[in-house]
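Asks: Encoded as structure tokens, here's the structure I'll be asking about.
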Amino acid sequence: MITLFGQSYEWTSPEVLVLGAVVGVVALVLLLILSAARRSARSAEPLLRELSWMGQRVQSLSDGQERLAGGLHHVSEAQAAAQTGMLRLMETRLAEVQRQMNEALHGTATRTARSLGELQQRLETIDKAQEKIEKLSGNVLSLQDILSNKQTRGAFGEIQLHDIVQKALPTDAYTMQATLSNGRRADCLVHLPKPPGPIAIDAKFPLEAYEALRRADSPRAQTEAASLMRSALRAHIRAISERYILEGETADGALMFLPSEAVYAELHANFPEIVREGFAAKVWIVSPTTCMATLNTMRAVLKDARMREQAGAIRKELALLYADVDRLGTRVGNLDRHFQMAAKDIEEIRISSDKASKRARRLDNFDFEELAPDATLALPGPKDAAE
């Protein structure tokens, strides 16, 4: 490092190199002067002129060096100011970025906490749903145990049928476990009027054949299970037709209630010939949904029959109602006449009251002159006396 005019420069800086060149030139000139001094005096004058010119050039170089030093100082100050401004700007930017990052981190933490809370709630909901599913699985297993036994399966179908019938029909329109004249007991007997007459509903179904069909895992097993199911359904339809369709006692048809919509759909989808055979035997196959619709139709039939039975009583009640209406019209007319007479009496009372008020005002003013002409009038008639 070298210090010139209060400024520090590196040895390799341009200013130092220029200054070194100037010094070298000056030294060379001095050597030339010394060598020239040894020459003749005649050659001294041109050398002096050269020295003068060299002095001016050295002065110019010195002035340029000062200006260069001033420019470098200005540039150094500007660079320092720019660095200071840049540092301040960078500090401001860094503070802003840090603030935004803090806000973003805080928001992310808040959202994360909220998400974790929601996730916790959903996990609790899933746990509750899992508990319900486990309970439902237990209930399904219980239902499978019920359906696997013929007696319990029959009781299950009867309970479901009783619930549907109870919702669709009045209590006096059906009988559960009704015994017919042949000694057979129908699960439900709907008391329809003749025709068609009482209709029986059977709630038993050969579920073993359907379960075997569902478990079949090969074409041969499926064919055997389908054949078994056809045989079981034909036997059940024939049994219902023989037991619950009695001429002169019941309707000429009966209902076979299936407590499962899946079995009902399976029959209509893959065993349509069995359904047609049931129609031919007048055994109508119904599911819980179609049974409800059928029972509502029966309810309308029962209502219509009861309306026909009560038609005479209804006509009698209508005649009495007409007489009451006619009597009411007569009494309303009499009341209207009484109102008209009362209105007339009230009008006459108002006229008499006005006359009495006028006479009272005359007496109050001692206007006997106005009363004298009235005193000379003839005696009042019966109507005036009444007024």
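None of the figures in this text is laboratory data; all of them are computed from the coordinates on show. Treat the numbers as computed from the prediction; the structure is a model and nothing was measured. Note that we place each Cβ from the backbone using ideal geometry, even for glycine, and neighbour counts take in every protein chain shown.
Asks: Tell me, what is the FRET efficiency for Gln222 and Ala313 to the nearest 0.05, using R0 = 51 angstrom and their Cβ-Cβ distance as r?
Replies: So the FRET efficiency works out to roughly 0.25.
Asks: Just add up the charged neighbours of Ala186: K/R +1, D/E -1, any other residue whose Cβ is under 10 Å from the Cβ of Ala186.
Replies: +1
Asks: Further question on the same structure: Applying the Karplus parametrisation 6.51 cos²θ - 1.76 cosθ + 1.60 with θ = phi - 60° to the phi angles of region 168-173, what ³J(HN,Hα) value in whole Hz is obtained for each residue in order, glycine and proline being reported as x?
Replies: These are the phi-based 3J(HN,Hα) values: 9, 10, x, 5, 8, 9 Hz.
Asks: Net charge within 14 Å of Leu228 by Cβ-Cβ distance, Lys/Arg positive one each and Asp/Glu negative one each, not counting Leu228 itself?
Replies: +1
Asks: What is the set of long-range amide H partners of Ile285 at a cut-off below 5 Å, with H atoms built 1.01 Å from backbone N?
Replies: Met256
Asks: Cβ under 14 Å from His106's Cβ, His106 left aside: what net charge do those residues give with Lys, Arg +1 and Asp, Glu -1?
Replies: +2
Asks: If a/c stays under 1.5 just call it rounded; otherwise compare a/b with b/c (prolate if a/b is bigger, oblate if not). Do that for region 166-309, with a ≥ b ≥ c from the square roots of the Cα gyration tensor eigenvalues.
Replies: Prolate, because a/c is 1.5 or more and a/b exceeds b/c.
Asks: What is region 198-264 by shape, rounded, prolate or oblate, if you read a ≥ b ≥ c off the alpha carbon gyration tensor as root eigenvalues and call it rounded for a/c under 1.5, prolate for a/b larger than b/c, and oblate otherwise?
Replies: Prolate, since a/c reaches 1.5 and a/b exceeds b/c.
Asks: Give the residue list of GluC sites (Glu not before Pro) in region 200-279 that are DSSP loop and have at most 14 other beta-carbon atoms within 10 angstrom.
Replies: Glu247, Glu249
Asks: Further question: For Lys167, which lysines qualify as cross-link partners when the Cα separation must be under 22 Å and same-chain residues fewer than eight apart are set aside?
Replies: Here the lysines satisfying the reach criterion relative to Lys167 are Lys204, Lys303.
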